[in-house]
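The values are calculated or read from the model by the stated rules, or taken from the named source; none is laboratory data. Note that the structure is a prediction, hence the values are computed from the model and not measured. Note that we place each Cβ from the backbone using ideal geometry, even for glycine, and neighbour counts take in every protein chain shown.
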Amino acid sequence: MIAWDDILLRLGVATLASGIIGLNRDLHGKPIGLRTLGLVGLACATVVIFAMPAFGEARISDAMSRVIQGILTGIGFLGAGVIVHAEVAGQHKVHGLTSAAAVWFTACIGVICGAGEWRLVAVAFAVALVLLTVGGPLERALHRLFSKDNSA
């Protein structure tokens with residue numbers, strides 16, 4: 001069984017590394033950022049930990065694996081429905097990517113809840129709440145600090 005601190009380390013590093021990549025993309029003017037990629041990395045790490053034989057007894061049957069794959073693939077289409085492309089002041093803008101990532105993360109949490117792995121749910125949920133609460137203001141502050149527009 002994986003210890004609490006190992007779960008926190010794995011999920012935390014996945015979120016941090018993915019979030020840093022998202023921040024890089026945001027600073028380069030791409031329509032994706034810290035919270036979006038942080039959630040995607042967190043969701044993937046959560047499901048991988050769940051699927052690991054070391055997390056518990058090897059209880060994921062082929063049928064259960066197919067159900068999980070179907071859920072996580074299908075939910076992507078639902079998430080895609082919240083992404084909006086719009087032209088604002090002559091610029092093409094994309095909105096809803098973080099919401100789409102949150103939809104996918106929520107599906108991952110639903111899978112883990114269905115399996116009754118409450119420790120994994122608790123840590124992933126807490127990390128996601130911190131990311132969604134602190135990520136936006138942190139992203140904006142870092143964007144102001146590192147933006148090429150501030151090179152006066």
Between a residue in segment 87-106 that is closer than 12 Å to Pro31 by Cβ and any residue that is modelled with pLDDT of 90 or more and of a type outside the set (Ser, Thr, Tyr), which pairs come within a Cβ distance under 6 Å, given they are 6 or more apart or on different chains? Thr98/Arg35
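Just to check your reading of the model, which residue among Val127, Val111 is on the phi < 0 side of the Ramachandran plot and within 13 Å of the chain's Cα centre (by Cα)? Step through it out loud before you land on a result.
Details: Val111 fails: within 13 Å of the chain's Cα centre (by Cα).
Residue meeting the stated conditions: Val127.
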Any chance segment 55-71 includes a residue that's aliphatic (A, V, I, L, M) and within 23 Å of Leu132 (Cβ to Cβ)? yes
Which residues, counting only those in segment 40-68, are surrounded by 12 or more Cβ atoms within 10 Å (Cβ to Cβ), more than 16 Å from Ile7 (Cα to Cα) and modelled with pLDDT of 80 or more? Val40, Met64, Val67, Ile68
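Small (Gly, Ala, Ser) and either closer than 17 Å to Ala100 by Cα or touching a Lys or Arg at 6+ places or on another chain (Cβ under 8 Å) (or both), is that true of Ala14? Even if it seems obvious, please write down each step before you answer.
Numbers: small (Gly, Ala, Ser): yes; either closer than 17 Å to Ala100 by Cα or touching a Lys or Arg at 6+ places or on another chain (Cβ under 8 Å) (or both): no.
Answer is no for this residue.
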